[in-house]
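S.K.: Sharing a structure with you now.
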Amino acid sequence: MAVETLTSVPSLGRIYAKAALSSVPGVPGPRPAGDLPERTLRLAGHRIDRHDLLEYERTCGFSNSDVLPHTYPHVVGFPLQMLIMTAGDFPLAAMGMVHVENVITVHRGIRFDEELDITVAAQNLRAHPKGRVVDLVTEVDVAGERVWEGRSTYLARGRGDAEADRGEQPPSIPTGPAAAKWSLPGDLGRTYGLVSGDVNPIHMSALTARAMGFPKAIAHGMWTYARTLAAIGPVTSGPGTSHVWFKKPVLLPGKVDFVIEKDARDGSVVAGLRSSRKPATEHLVLTLS
C-alpha cells in the first residue's frame, strides 16, 4: 500500500468545498465503482496546539488537562479521513455519508507536547442493509509506540443487501432517570466546528442544513461522543476502549438526557443520550471498558 506523507493538517473547509462540488450531477463525473484505493496518508511529527486543545476540552466538557481527551486524536486525523474520501478514486461520494459507528482504543495517555505520527487508511468496504459501509482507520504512534487507534464507520445510503452482516450491535440504552440534562444551543455546531475544524454544512446553520436535507442544524456526532465521555468522568482519561453507535441526530437547539449504567464487577460502562422531550428517541449508545 502506497504511503503519502503530509507536512500539515489539511483544511477541512477546502475539503468540504471540493466534496460539495463533486456532488453536483455531472461534476466532475460518476464515482468509480471499484475497490478502495491502496493508499495510506501519514502526518509525521505533528504537535498539538495547547490553546486549541484547551478550547476543545472546554467545548466538550472535559477538565482542562495537558493530556489529550479520549476523542481528541480523532479531531487531528479526521481531515486525513476526508482527504481520502473526497479523492477521485474513492468509490463512494463523501457528501451524504453518515457516520454510524466509532471505536477508539487509548493505549496510554498522550501529552499535547509529544510528536505524533498519524496514519489513516480506508478499509473493509462492504455491503449493508441500507447501502454500503466503509471503515476509516486512524493510528497514532509516538516514537514508534502505538498509543491510540480509532475506527470510524461510514454508511453510504443506496441499494442495500438485506442479508448483509450488520456487525456488532449496540446494547440497550440505559433506562430510568437521567443522570444529567443538557440544553444545547442553536450555535453549538458552529462552536464545535471552530474548535474541531469540522465545518460540514449540516452543522453550521439551519439554512445550510436544510440544503442538505435536514430541518435544522444538527450537533456533531463527535461532540455528542466526547460530551458523553466527559460526563462519565476521569476514568475516560486513562487507557481503555470505547465503542459508540450513533442513532438519531440531535437537532439544534435541543434538550438531551444523559443516562448511564456502571457494572460494579468489572467497572465497564454503558451510557447514552436520549431526547428529553421524547425519551424513546435515542441519539447514541456507548460502551467503555
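S.K.: Under 7 Å by Cβ, and 6 or more places apart or on different chains, what pairs join a residue from the range 71-82 that is over 11 Å from Leu12 (Cβ atoms) with one that is among the aromatic types (Phe, Trp, Tyr) and part of a helix (DSSP H, G or I)?
M.R.: Thr71/Tyr225; Tyr72/Tyr56
S.K.: Among the residues of the range 125-139, is there at least one that is within 25 Å of Val235 (Cβ to Cβ) and either hydroxyl-bearing (Ser, Thr, Tyr) or out of contact with any Lys or Arg (no Cβ under 8 Å at 6 or more places or on another chain) (or both)?
M.R.: There is at least one residue in the range 125-139 that is within 25 Å of Val235 (Cβ to Cβ) and either hydroxyl-bearing (Ser, Thr, Tyr) or out of contact with any Lys or Arg (no Cβ under 8 Å at 6 or more places or on another chain) (or both).
S.K.: For the range 258-268, give me each residue that is under 30 Å from Lys216 (Cβ atoms) and out of contact with any Phe, Trp or Tyr (no Cβ under 8 Å at 6 or more places or on another chain).
M.R.: Val259, Ile260, listed by residue number.
S.K.: Would you pick out the residues in the range 111-124 that are under 18 Å from the mean Cα position of the chain (by Cα) and either of a type in the set (Phe, Trp, Tyr) or surrounded by fewer than 19 Cβ atoms within 10 Å (Cβ to Cβ) (or both)?
M.R.: Selection gives Gln123, Asn124.
S.K.: For the range 190-241, name all the residues that are over 13 Å from the mean Cα position of the chain (by Cα), of a type in the set (Gly, Ala, Ser) and within 27 Å of Ala178 (Cβ to Cβ).
M.R.: Ala206, Ala209, Ala217, Ala230, Ala231, Gly233, Ser237, Gly238, Gly240
S.K.: Just wondering, is there one or more residues in the range 192-203 that are touching a helix residue (DSSP H, G or I) at 6+ places or on another chain (Cβ under 8 Å), of a type outside the set (S, T, N, Q) and under 18 Å from Thr287 (Cβ atoms)?
M.R.: no
S.K.: For Val235, which of the numbered conditions (1) surrounded by fewer than 18 Cβ atoms within 10 Å (Cβ to Cβ); (2) within 17 Å of Thr71 (Cβ to Cβ); (3) at pLDDT 95 or above fails to hold?
M.R.: (3)
S.K.: Sticking with this structure for a sec: So, Glu149, is that one among the acidic types (Asp, Glu), modelled with pLDDT of 95 or more, touching a His at 6+ places or on another chain (Cβ under 9 Å) and surrounded by 18 or more Cβ atoms within 10 Å (Cβ to Cβ) or not?
M.R.: Considered against the rule, which asks whether it is among the acidic types (Asp, Glu), modelled with pLDDT of 95 or more, touching a His at 6+ places or on another chain (Cβ under 9 Å) and surrounded by 18 or more Cβ atoms within 10 Å (Cβ to Cβ), Glu149 comes out as yes.
S.K.: Spot the failing condition for Val199; the list is (1) modelled with pLDDT of 95 or more; (2) among the aliphatic types (A, V, I, L, M); (3) touching a Phe, Trp or Tyr at 6+ places or on another chain (Cβ under 9 Å); (4) more than 20 Å from Lys255 (Cβ to Cβ), and only one is missed.
M.R.: Result: Val199 passes all but (1).
S.K.: Surrounded by fewer than 20 Cβ atoms within 10 Å (Cβ to Cβ) and under 11 Å from the mean Cα position of the chain (by Cα): which single residue out of Val98, Val75 fits that description?
M.R.: Of the residues listed, the single one that is surrounded by fewer than 20 Cβ atoms within 10 Å (Cβ to Cβ) and under 11 Å from the mean Cα position of the chain (by Cα) is Val98.
S.K.: I would also like to ask the following. Could you list, in sequence order, all residues of the range 33-48 that are within 17 Å of Val142 (Cβ to Cβ) and out of contact with any strand residue (DSSP E or B) (no Cβ under 8 Å at 6 or more places or on another chain)?
M.R.: Within the range 33-48, none qualify.
S.K.: For residues in the range 252-276 being surrounded by fewer than 18 Cβ atoms within 10 Å (Cβ to Cβ) and modelled with pLDDT of 95 or more, which is farthest from Thr191 (Cα to Cα)?
M.R.: The qualifying residue farthest from Thr191 (Cα to Cα) is Glu261.
S.K.: Same structure again: Considering only residues that are hydrophobic (A, V, I, L, M, F, W, C) and in contact (Cβ under 8 Å) with a residue 60 or more places away in the chain, which ones fall in the range 255-289?
M.R.: Matches in the range 255-289: Val256, Phe258, Val259, Ile260, Val270, Ala271, Leu284, Val285, Leu286.
S.K.: Next question. Taking the condition under 30 Å from Asp66 (Cβ atoms) and either surrounded by 21 or more Cβ atoms within 10 Å (Cβ to Cβ) or not aliphatic (A, V, I, L, M) (or both), does Ala217 pass?
M.R.: Answer is no for this residue.
S.K.: Scan the range 54-72 for residues that are closer than 21 Å to Ala143 by Cα, buried (at least 19 other Cβ atoms within 10 Å of the Cβ) and not β-branched (Val, Ile, Thr) and jot them down.
M.R.: Leu68, Pro69, His70, Tyr72
S.K.: Against the conditions (1) closer than 23 Å to Thr287 by Cα; (2) at pLDDT below 95, where does Arg108 fall short? Just the number, please.
M.R.: (2)
S.K.: Take Ala226 and tell me if it is farther than 23 Å from Phe90 by Cβ, surrounded by 18 or more Cβ atoms within 10 Å (Cβ to Cβ) and free of Cβ contacts under 8 Å to residues at least 60 places away in the same chain.
M.R.: Against the criterion (farther than 23 Å from Phe90 by Cβ, surrounded by 18 or more Cβ atoms within 10 Å (Cβ to Cβ) and free of Cβ contacts under 8 Å to residues at least 60 places away in the same chain), Ala226 does not qualify.
S.K.: Within the range 168-197, how many residues are within 24 Å of Asp52 (Cβ to Cβ) and part of a strand (DSSP E or B)?
M.R.: So the answer is 2.
The values are calculated or read from the model by the stated rules, or taken from the named source; none is laboratory data. Bear in mind the structure is a predicted one, so any value in this text is a computation, not a measurement. Don't worry about glycine lacking a Cβ; one is built from the backbone with ideal geometry, like all the others, and counts go over all protein chains shown.
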